[in-house]
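Please read the structure below before turning to the comments.
The values are calculated or read from the model by the stated rules, or taken from the named source; none is laboratory data. These figures come from a predicted structure and were not determined experimentally. Please note: Cβ atoms are built from the backbone with ideal geometry, for glycine as well, and neighbour counts cover all protein chains shown.
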Amino acid sequence: MLKINSKGEQVRLVQIMLNNNGYSIFVDGNFDKNTQTAVIEFQRKSGLVADGIVGPKTMSALGFIINKYTSSVQRAWTSFQSVVKKESKEMNIEAATAMAIIAVESAGKALSGSPPMPIIRFENHRFRKFVSAEVYNNHFKHSAGGRPWEGHHYRITPSDPWIRSHLSQNSEYETLNIAAKINENGAYSSISIGAGQIMGSWASRLGYKNALDMFNAFKSESEQIRAMMIFIKTDNRLWNAAKSKDWATFARIYNGPGKPEHYAEQMRLAYETARYICN
């Protein structure tokens, strides 16, 4: 609930939405008397309890779409607002579009842990291309058939029990470290990295010497955002899909063959909330 003297991004969002509904509130993230007066007036006109307190009903009446990506978009906007605005303007991509991608790909996060390290996901089936079947089967496995992105497990030695992958960042890094001892370039080429979850295998396209160089550069949040935008801009199909909000085409290119319809719908949902927050 937001009320007089509340502060932060959610208050800023309420002020933006009030202005979209015909009011003239200074957008600064401070729930002051002017904001309260406007809220009360809006609530009265909308047939709501006119108490000056903003909850779900008032937010809904203002036109804001609250869904499962709202908190991720807000978190990402708070963390990356300045760099996203800069890079979006240079690449001619709407900031809300970039925020939607980040919200879906990494839940609005870029770094994790202490010391902070890039958010990663180790893709077992990608690493299979760099090693023999025998070496791979000693430490990794994935679903057979047409869905190799599923059923990921790993183990430190061939005699250890299998551990389910993707449970935490600790397990992602444990898997990466096992793979790096076998084939370092292959290991870092097999992870998606950072806020935009760009595969390390795209390192040269983004201007890095190799996948490890890209990983180290991604210890900077701003570098992650810059690289994500370059990745989009350097593929005309991807760039045009991002500009036109063609989420189906975007997901098919950006996320690959694994569940593109799912990713397209998630990005559409994230964008619905991001377009109000990212102003």
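The table below gives the values:
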{"item": "Residue satisfying condition, being over 24 Å from residue 81 (Cβ atoms), modelled with pLDDT of 90 or more and within 32 Å of the chain's Cα centre (by Cα), within set 3, 33", "result": "3"}
{"item": "Pair list, Cβ < 7 Å and 6+ apart or interchain, from segment 1-25 residues that are touching a residue at least 24 places away in the same chain (Cβ under 8 Å) to residues that are charged (D, E, K, R) and surrounded by fewer than 18 Cβ atoms within 10 Å (Cβ to Cβ)", "result": "none"}
{"item": "Helices (runs of 4 or more DSSP H) contained entirely in segment 1-66, each with at least 2 residues that are in contact with a strand residue (DSSP E or B) (Cβ under 7 Å, 6 or more places away or on another chain), surrounded by 19 or more Cβ atoms within 10 Å (Cβ to Cβ) and not basic (Lys, Arg)", "result": "9-20"}
{"item": "Sole exception among (1) farther than 28 Å from residue 214 by Cα; (2) in contact with a strand residue (DSSP E or B) (Cβ under 7 Å, 6 or more places away or on another chain) for residue 275, by number", "result": "(2)"}
{"item": "Filter pass, residue 39 being in contact (Cβ under 8 Å) with a residue 24 or more places away in the chain and of a type in the set (A, V, I, L, M)", "result": "yes"}
{"item": "Entirely in segment 91-147, the helices (runs of 4 or more DSSP H) that have 3 or more residues that are surrounded by fewer than 23 Cβ atoms within 10 Å (Cβ to Cβ)", "result": "133-139"}
{"item": "Candidate set from segment 67-90 (those that are of a type in the set (D, E, K, R) and assigned to a helix (DSSP H, G or I)); member that is farthest from residue 11 (Cα to Cα)", "result": "90"}
{"item": "Any hit, segment 159-177, residues being touching a helix residue (DSSP H, G or I) at 6+ places or on another chain (Cβ under 6 Å) and surrounded by fewer than 19 Cβ atoms within 10 Å (Cβ to Cβ)", "result": "no"}
